[in-house]
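What follows is a set of notes on a single structure, which appears directly below.
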Amino acid sequence: MNNMDNEKLEPKYDSGLEDRWETIRKEYRKEYPNITDEDVNYRTGEFDVLAQNIARRTNRSREEVSEEIRSWQL
């Protein structure tokens, strides 16, 4: 079992990150075609769940995924 499986996901609302995701979503998924619709479905205020799903799918940490989304160049 790896550390990511043990991480508790306590939703933290980050409207800036969620807004950013909506802006780059299509482009991001082109870069990572193995990300599924299920991976990126989330409720407002539960962005950490989405980041964790992407992290698991791409073998990275949730923090790495969140930082990549924050700094994604349009």
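Each value in this text was obtained by applying a stated rule to the coordinates, not by laboratory testing. Bear in mind that the values here come from a model prediction, so they are computed numbers and not experimental data. Counting neighbours? That spans all protein chains shown, and the Cβs are built from the backbone with ideal geometry, glycine included.
Report the label-to-label distance for residue 71 and residue 57 in nanometres (one decimal), using points 7 Å from each Cα along the Cα→Cβ vector.
Distance between label points: 2.2 nm.
Which ordering of 39, 14 is given by a fewest-first count of other beta-carbon atoms within 10 Å?
Neighbour counts put them in this order, fewest first: 14, 39.
What order do you get for 35, 24 when you list them from fewest to most C-beta neighbours inside 10 Å?
24, 35
If neighbour count is taken as other Cβ atoms inside 10 Å, put 21, 72 in order from fewest to most.
Ascending number of Cβ neighbours within 10 Å: 72, 21.
Can you give me the relative contact order of the range 12-71 as a percent, contacts being Cα pairs under 8 Å and 6 or more apart?
39
Would the range 12-71 count as rounded, prolate or oblate if I go by the C-alpha gyration tensor, calling it rounded below 1.5 in a/c and otherwise prolate when a/b exceeds b/c, oblate otherwise?
rounded
Return the long-range amide H neighbours of residue 46 (sequence gap of 5 or more, or a different chain), with a cut-off of under 5 Å between placed amide H atoms.
Answer set, sorted by chain and number: none.
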